[in-house]
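Structure first, then comments.
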Amino acid sequence: MPSFEFVLIGLTLLCGFYVAWNIGANDVANAMGTSVGSGALTLRRAVLLAAVFEFAGAYLVGSNVSETVRKKMFDPAMLTDVYGDQAAYILACGMIAALMAAGTWLLIATWASWPVSTTHSIVGAVVGFAVISLGMDGPDWPKVGLISVGWIVSPMISGAIAYLLFGLLLKLVFFKRDPVRAAQKVVPYLVVLVILVLAGVTTYKGLKPFWKSHDLDPFSPLFVGILLATSLGLGAISFFVTKKLIGRITPNQTSAEGVNAVLAAEASRSLAKALMHLKRVRNSSEGEVKSRAEHLLSEVEEVQEESRKLEIANADSDDLRQVEKIFVILQVLTACLVAFAHGSNDVANAIGPLSAAYQSIKSGVIELKSTTPTWALLLGGTGIVIGLATWGWRVIQTVGKKITELTPSRGFCAEFAAAITILVASTLPTGLPISTTHTLVGAVLGVGLARGINALNLKTMRDIIAGWAITIPAGAGLAIVFYLLLKAIFINSGWVNTVVP
């Protein structure tokens with residue numbers, strides 16, 4: 001094997017691991033961020049669980065069929081028309097540059113504690129390579145546009161679902177005078193819904209590479225029927241088991257006045273809105289109306305102060321703690337299976353370009369499809385786990401603690417809303433490419449909005465959205481720089497030309 005091939009292959013493996021490490025540090029943290037932020041899991045336990053499920057997804061079903069160009073951003077056959085015998089090495093340099101660019105941008109984002117999309121990072125990098133190597137007509141711009149639409153739509157959908165879920169949970173459980181009893185009635189039904197959604201996410205998102213590699217159709221009526229029957233069976237069993245387990249919990253109202261702190265907080269927020277409107281009435285009126293408005297303002301302020309005192313005095317009641325404990329299991333369950341689905345699919349952000357570059361270097365020709373080597377999946381899964389363990393805490397803190405205050409029930413709503421959005425996007429006939437990161441952050445935002453705009457850290461959201469907006473351009477720009485550097489070293493210098501006729 002010529003010396004330049006040894007160097008290129010070594011660089012390919014190094015860059016593949018580099019991207020996988022950064023995926024673990026940035027993207028994987030999103031799956032467990034809400035669990036850590038809500039206190040459902042310690043950071044160490046979250047890392048261990050994520051490591052198990054992400055690695056299992058990446059290694060067992062991750063990208064059994066590897067496309068040479070991630071997300072089909074351009075037609076690699078065009079390289080042969082332009083570069084002739086050197087096309088395979090041009091592609092290799094481009095894919096290595098894409099890995100270097102995506103990894104570098106993810107490193108910067110993780111350092112800044114921004115949760116960004118690894119998929120968009122690698123897509124932007126591949127688009128940059130396509131532009132510099134083939135011109136503006138090289139990339140598949142409609143595909144890039146569809147991905148951009150997913151960037152906007154997915155957090156909006158998940159945010160709306162999370163908002164509605166948490167609002168429903170407040171009415172059905174937390175606003176009740178006896179929230180423990182209410183939770184005991186509602187949660188078993190929620191478990192059935194969780195089983196159905198997570199079975200769908202695992203089937204249509206997590207196992208998607210498996211179906212492709214075996215030419216199977218998971219949307220056939222027979223398969224869908226089996227899936228529904230199995231899911232409903234598991235859901236029924238889970239319903240009765242959950243009902244029996246949480247039925248043992250005895251409500252223990254320990255607050256001095258037997259007041260529901262969540263209900264008191266909602267009353268306080270509603271009174272704050274009433275005060276705002278009364279101040280407008282006072283400022284825009286005269287005479288008797290102004291005098292009565294001022295009197296009402298004084299009374300409402302007193303009532304609001306009483307509500308605040310009740311909220312503070314009862315915020316740590318045993319009943320509310322017991323309700324939150326019930327939701328811990330649901331939150332952890334959803335987080336683990338979202339991590340499995342993420343590992344099985346997003347490991348391809350590192351392994352897809354790696355496999356493309358490796359096969360091009362080994363064969364000297366462009367291959368549109370090739371089986372991903374087992375060692376590549378092992379490399380990707382290991383890199384993801386190490387990245388999460390060493391630097392994942394930075395993004396975990398942002399998602400779990402800096403957007404809005406989370407509890408197990410709020411974290412469950414966010415994870416469940418993200419899972420529903422992923423399932424919908426995965427089963428649409430036309431397909432909607434979405435980002436797990438954008439979807440989950442949007443869900444966390446929706447949970448926060450359900451408690452009022454003041455419950456959100458707007459500065460953190462501003463920084464996150466800015467990071468999202470520049471991800472694709474940043475990946476493209478960095479890929480162009482790295483590609484030109486690699487091309488100068490391996491192609492323009494004549495190193496490859498000494499071997500390739």
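The values are calculated or read from the model by the stated rules, or taken from the named source; none is laboratory data. Predicted, not measured: the structure shown is a model, and the values here were computed from it. Cβ atoms come from the backbone with ideal geometry, glycine included; neighbour counts cover every protein chain shown.
For the range 130-145, residues that are in contact (Cβ under 8 Å) with a residue 60 or more places away in the chain and either of a type outside the set (A, V, I, L, M, F, W, C) or within 15 Å of residue 475 (Cα to Cα) (or both) total 8. Under 30 Å from residue 225 (Cα atoms), at pLDDT below 90 and under 23 Å from the mean Cα position of the chain (by Cα): does that describe residue 145? No, not satisfied.
Does any residue of the range 440-458 turn out to be charged (D, E, K, R), part of a helix (DSSP H, G or I) and in the same structural domain as residue 183 (by TED's automatic domain parsing)? No, there is no match, as no residue in the range 440-458 is charged (D, E, K, R), part of a helix (DSSP H, G or I) and in the same structural domain as residue 183 (by TED's automatic domain parsing).
Determine whether residue 172 is surrounded by fewer than 22 Cβ atoms within 10 Å (Cβ to Cβ), in contact with a Ser or Thr (Cβ under 8 Å, 6 or more places away or on another chain) and not basic (Lys, Arg). Here the answer is no, as residue 172 does not meet what is asked. Would the range 74-91 turn up any residue that is within 20 Å of residue 365 (Cβ to Cβ), in contact with a strand residue (DSSP E or B) (Cβ under 6 Å, 6 or more places away or on another chain) and modelled with pLDDT under 85? Scanning the range 74-91 turns up at least one residue that is within 20 Å of residue 365 (Cβ to Cβ), in contact with a strand residue (DSSP E or B) (Cβ under 6 Å, 6 or more places away or on another chain) and modelled with pLDDT under 85.
Working carefully through the options 385, 399, 395, 447, find the one that is buried (at least 19 other Cβ atoms within 10 Å of the Cβ), at pLDDT 90 or above and either under 21 Å from residue 117 (Cβ atoms) or in contact with a Leu (Cβ under 7 Å, 6 or more places away or on another chain) (or both).
Criteria check complete, one pass: 447.
Among the criteria (1) at pLDDT 85 or above; (2) in contact with a Pro (Cβ under 9 Å, 6 or more places away or on another chain); (3) not hydrophobic (A, V, I, L, M, F, W, C), the one residue 405 does not fulfil is (2). For the range 369-387, indicate whether the set of residues that are of a type in the set (D, E, K, R) and assigned to a helix (DSSP H, G or I) is non-empty. Scanning the range 369-387 turns up no residue that is of a type in the set (D, E, K, R) and assigned to a helix (DSSP H, G or I).
For residue 424, the test of being assigned by TED's automatic domain parsing to the domain that holds residue 204, out of contact with any Phe, Trp or Tyr (no Cβ under 8 Å at 6 or more places or on another chain) and either in a helix (DSSP H, G or I) or modelled with pLDDT of 90 or more (or both) is passed. Could you tell me whether residue 189 is touching a Pro at 6+ places or on another chain (Cβ under 8 Å), farther than 30 Å from residue 453 by Cβ and either touching a residue at least 24 places away in the same chain (Cβ under 8 Å) or in a helix (DSSP H, G or I) (or both)? When the stated conditions are applied, residue 189 does not pass them.
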